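A quick write-up on the structure given underneath.
The values are calculated or read from the model by the stated rules, or taken from the named source; none is laboratory data. Because the structure is predicted, anything quoted here is derived from the model rather than measured. FYI the Cβ positions are ideal-geometry reconstructions off the backbone, even for glycines, and counts take in every protein chain you see.
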Amino acid sequence: MKTDMRKPMSILVVEDESLIAMNLEMILEDLGHSVIGPVMTLRDLEQMLEGDFRADAAILDVNIAGEHIFPYARRLADLGVPLLFASGYGASGISEDLAHHPVVPKPYTEEEIAGMLDTMLPA
Amino acid sequence: MVLDRNHCYVAVNKAYEKVVMRDREELIGRNLFDLFPNDGESGQRLRQSFDRVIETGEADTLAYIPYDIPRPPELGGGMEQRYWTAVHTPVSGKAGAGRYVMQNTVDVTDIVRLRQAASLPFRRAETQLLERAREAEEQHKALMSESAEFRRLFQLAPGFFAVLTGPDHVFTFANDAYMRLVGERQLIGRTVREALPEVSGQGIMDLLDEVYRTGTQYQAEARRVMIRNVESGELQETYLDFSYDAIRDTKGNITGVFVQGSDRSEDVKRQHRQRLLLAELNHRVKNTLASVQSIVAQTLRSAPDPATARKDIGARLAALSKAHNLLSAQEWASTDLAEIIGQEVAVFDPERISLDGPRFTLSPKASISFAMLVHELSTNAVKYGALSTDSGTVAVQWKEEPDGNLKLIWRESGGPPATEPAGKGFGARLIESIVSGEFGGAFNPSFCERGFSCIVTIEADKLRGVKVQT
């Protein structure tokens with residue numbers, strides 16, 4: 001797999017459901033990346049972004065305990081972090097100004113995540 | 001003569017005094033029906049005609065009415081047979097004084113008598129004239145009752161109707177449904193711009209002008225119109241189906257606009273809610289599938305053999321499913337903590353596992369998470385702890401602490417001594433993730449001689465789903 005030849009990345013994971021977060025963590029670790037988080041609440045995310053935050057990419061659940069991730073997604077985009085949305089709503093649930101970022105529909109497979117990371121971060 | 005709305009004489013002239021054989025002093029201020037009682041059909045017709053004029057403000061004609069009047073005693077007393085025609089016209093009083101009826105009546109008794117005699121050929125023309133007057137009266141009555149019936153139907157129709165007259169669109173009619181739509185405001189006699197200032201800016205005036213000018217019908221489907229609520233003063237979103245049709249006079253000239261339609265707001269809002277609900281359902285189904293995927297993938301990875309994996313996957317999916325059942329029964333609003341725990345440990349002997357705690361409401365998210373948490377704890381007890389022996393017991397206690405935390409204690413005893421495992425399995429990681437990751441709480445396990453125990457501490461409001469400031 002192409003991804004195996006990449007250098008490991010630090011990827012921020014924001015997902016409010018434990019089971020799903022644990023699965024994504026496992027997928028990313030299997031792909032050789034390290035996970036920042038998983039961050040499961042917006043309060044924790046806020047705290048994290050207040051500091052000197054950097055990541056090679058971020059995979060964001062759209063709905064965190066009933067609230068949209070979009071304000072935080074904009075801040076991450078401003079920091080130059082490549083974004084990947086993971087959403088049960090599909091691409092239609094993404095705020096218009098963020099719609100150019102890729103979306104992976106839930107449930108997703110390891111291959112889908114790997115493929116998405118490839119397109120986001122061309123060699 | 002002129003009557004007030006109670007049928008009392010307000011004014012009479014000489015001709016009237018003469019024809020009814022009474023002086024004005026006997027008439028003014030007295031009720032017509034007291035002076036000239038008539039319990040028959042004629043009495044009713046006369047009364048109805050007066051009342052119609054008062055009510056509608058429009059003139060009314062009685063072309064022919066037999067109405068006997070009492071003869072004054074000095075003229076011999078008794079009743080005198082009389083026949084009349086009468087035109088009743090509304091007369092406005094001073095501001096706020098209400099309406100009066102003016103009656104212009106002609107005593108046609110002589111003509112009738114001649115007709116009854118019917119033998120004199122040279123009177124024929126007059127009797128024919130009277131006959132025509134009588135027919136006209138019949139037709140007029142039929143028309144009046146027909147239009148009254150139409151009016152009543154329009155008034156009560158479920159759709160809204162209004163008639164606008166003239167180039168400025170003055171309301172001349174609005175039915176009950178129209179009044180409900182715009183709130184109880186003064187419409188009749190006012191222009192649309194005056195009566196409904198808030199809709200003037202929404203393109204409505206241009207549409208009305210266009211229909212009045214060109215006569216072309218306008219139709220709208222589920223058009224959004226903001227209407228001010230008369231009571232709260234706030235603009236309210238409505239969705240209306242409506243049409244504007246030009247009203248023409250007999251020469252074909254446009255005299256006004258006929259407005260009809262129905263309020264579709266509830267329909268449109270229901271469709272909107274349904275779309276939201278479908279999107280939400282889709283989101284939940286996808287998330288649930290992702291949870292199932294995670295359970296399968298991670299159980300397969302940690303299980304020592306396929307048979308164990310199959311059993312563990314089945315049990316975890318069942319735990320997830322049971323939590324959904326409880327939520328579904330509560331219309332996905334909330335569940336009670338005791339029910340979530342009770343449902344999960346229901347397979348065990350109640351002698352072996354005790355629950356003790358107050359009612360505590362869990363949000364949907366917390367319900368699913370707690371179901372999984374309790375499932376992992378009890379699975380662990382069955383595999384390695386108190387429930388792996390014949391006599392071990394588990395005590396589960398919870399309470400809300402004064403500091404706002406929910407404290408749940410899981411205490412096993414009577415089983416083998418507990419030893420801390422070398423690595424963390426799926427269950428332990430899931431519990432950690434739920435307690436500290438999802439809810440920012442603390443999970444404190446303890447492995448003792450007596451058995452396994454743990455304390456879960458989480459801010460109560462977070463479990464209830466109360467929004468907390470981030």
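The sole residue among A:17, A:46, A:25, A:50 that is within 18 Å of residue B:283 (Cα to Cα) and of a type in the set (Asp, Glu) is A:17.
Any residue at all in region B:156-167 that is among the aromatic types (Phe, Trp, Tyr), closer than 30 Å to residue B:241 by Cα, in contact with a helix residue (DSSP H, G or I) (Cβ under 6 Å, 6 or more places away or on another chain) and modelled with pLDDT of 75 or more?
Looking for residues that are among the aromatic types (Phe, Trp, Tyr), closer than 30 Å to residue B:241 by Cα, in contact with a helix residue (DSSP H, G or I) (Cβ under 6 Å, 6 or more places away or on another chain) and modelled with pLDDT of 75 or more, one finds at least one in region B:156-167, hence yes.
Any residue at all in region B:15-28 that's modelled with pLDDT under 90, among the hydroxyl-bearing types (Ser, Thr, Tyr) and under 52 Å from the mean Cα position of the chain (by Cα)? No, every residue in region B:15-28 fails to be modelled with pLDDT under 90, among the hydroxyl-bearing types (Ser, Thr, Tyr) and under 52 Å from the mean Cα position of the chain (by Cα). Whenever a residue of region B:409-426 is under 12 Å from residue B:391 (Cβ atoms) and of a type in the set (S, T, N, Q), its partners that are in a loop (DSSP other than H, G, I, E, B) and modelled with pLDDT of 90 or more, lying with C-beta atoms within less than 8 angstrom and at least six residues away or across chains, give the pairs B:413/B:392; B:413/B:450; B:413/B:451. Determine whether region B:346-357 contains at least one residue that is within 14 Å of another protein chain (Cβ to nearest Cβ), touching a residue at least 12 places away in the same chain (Cβ under 8 Å) and buried (at least 17 other Cβ atoms within 10 Å of the Cβ). Scanning region B:346-357 turns up no residue that is within 14 Å of another protein chain (Cβ to nearest Cβ), touching a residue at least 12 places away in the same chain (Cβ under 8 Å) and buried (at least 17 other Cβ atoms within 10 Å of the Cβ). Any idea how many residues of region A:15-40 are within 11 Å of chain B (Cβ to nearest Cβ) and without any contact (Cβ under 8 Å) to a residue 60 or more places away in the chain? Count: 13. When the residues of region B:437-469 are filtered to those that are within 12 Å of another protein chain (Cβ to nearest Cβ) and part of a loop (DSSP other than H, G, I, E, B), which remaining residue is surrounded by the fewest Cβ atoms within 10 Å (Cβ to Cβ)? If we take residues in region B:437-469 being within 12 Å of another protein chain (Cβ to nearest Cβ) and part of a loop (DSSP other than H, G, I, E, B), then B:469 is surrounded by the fewest Cβ atoms within 10 Å (Cβ to Cβ). Looking across region B:358-367, the residues that are in contact (Cβ under 8 Å) with a residue 60 or more places away in the chain, part of a helix (DSSP H, G or I) and surrounded by 19 or more Cβ atoms within 10 Å (Cβ to Cβ) come down to B:364, B:366. If I ask for residues that are over 11 Å from residue B:208 (Cβ atoms), crowded, with 17+ Cβ neighbours inside 10 Å and among the polar types (S, T, N, Q), which ones from region B:166-197 would you list? Answer for region B:166-197, where residues must be over 11 Å from residue B:208 (Cβ atoms), crowded, with 17+ Cβ neighbours inside 10 Å and among the polar types (S, T, N, Q): just B:175. Only one of the numbered conditions (1) more than 11 Å from every other protein chain (Cβ to nearest Cβ); (2) surrounded by 19 or more Cβ atoms within 10 Å (Cβ to Cβ); (3) under 30 Å from residue B:330 (Cβ atoms) is not met by residue B:431, and that is (1). Among the residues of region B:360-377, those identified as more than 14 Å from chain A (Cβ to nearest Cβ) and under 37 Å from the mean Cα position of the chain (by Cα) are B:360, B:361.
Determine if region B:211-226 includes at least one residue that is under 27 Å from residue A:66 (Cβ atoms) and away from chain A (no Cβ under 14 Å). First the steps, then the outcome.
Just the residues of region B:211-226 that are under 27 Å from residue A:66 (Cβ atoms), to begin with: none.
Within region B:211-226, none of the residues are under 27 Å from residue A:66 (Cβ atoms) and away from chain A (no Cβ under 14 Å).
To keep it simple, each residue is scored yes or no on (1) modelled with pLDDT of 90 or more; (2) more than 28 Å from the chain's Cα centre (by Cα).
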{"position": "B:214", "(1), (2)": "yes, yes"}
{"position": "B:242", "(1), (2)": "yes, no"}
{"position": "B:245", "(1), (2)": "yes, no"}
{"position": "B:257", "(1), (2)": "yes, no"}
{"position": "B:260", "(1), (2)": "yes, no"}
{"position": "B:279", "(1), (2)": "no, no"}
{"position": "B:287", "(1), (2)": "no, yes"}
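For region B:381-390, residues that are surrounded by 23 or more Cβ atoms within 10 Å (Cβ to Cβ) and assigned to a helix (DSSP H, G or I) total 3.
Of the set (1) away from every other protein chain (no Cβ under 14 Å); (2) in a helix (DSSP H, G or I); (3) closer than 19 Å to residue B:376 by Cβ, all apply to residue B:304 but (2). With respect to (1) of a type in the set (Ser, Thr, Tyr); (2) in contact with a Pro (Cβ under 9 Å, 6 or more places away or on another chain); (3) in contact (Cβ under 8 Å) with a residue 40 or more places away in the chain, the lone exception for residue A:119 is condition (3). Being within 14 Å of the chain's Cα centre (by Cα) and farther than 24 Å from residue B:302 by Cα is the requirement here; does residue A:59 meet it? For residue A:59, the condition - within 14 Å of the chain's Cα centre (by Cα) and farther than 24 Å from residue B:302 by Cα - is met.
Given the criteria modelled with pLDDT under 85, assigned to a loop (DSSP other than H, G, I, E, B) and aliphatic (A, V, I, L, M), does residue B:95 qualify? Considered against the rule, which asks whether it is modelled with pLDDT under 85, assigned to a loop (DSSP other than H, G, I, E, B) and aliphatic (A, V, I, L, M), residue B:95 comes out as yes.
If you go through region B:27-45 one residue at a time, do you hit one that is surrounded by fewer than 16 Cβ atoms within 10 Å (Cβ to Cβ), in contact (Cβ under 8 Å) with a residue 40 or more places away in the chain and over 21 Å from residue B:106 (Cβ atoms)? The answer is no, given that none of the residues of region B:27-45 is surrounded by fewer than 16 Cβ atoms within 10 Å (Cβ to Cβ), in contact (Cβ under 8 Å) with a residue 40 or more places away in the chain and over 21 Å from residue B:106 (Cβ atoms).
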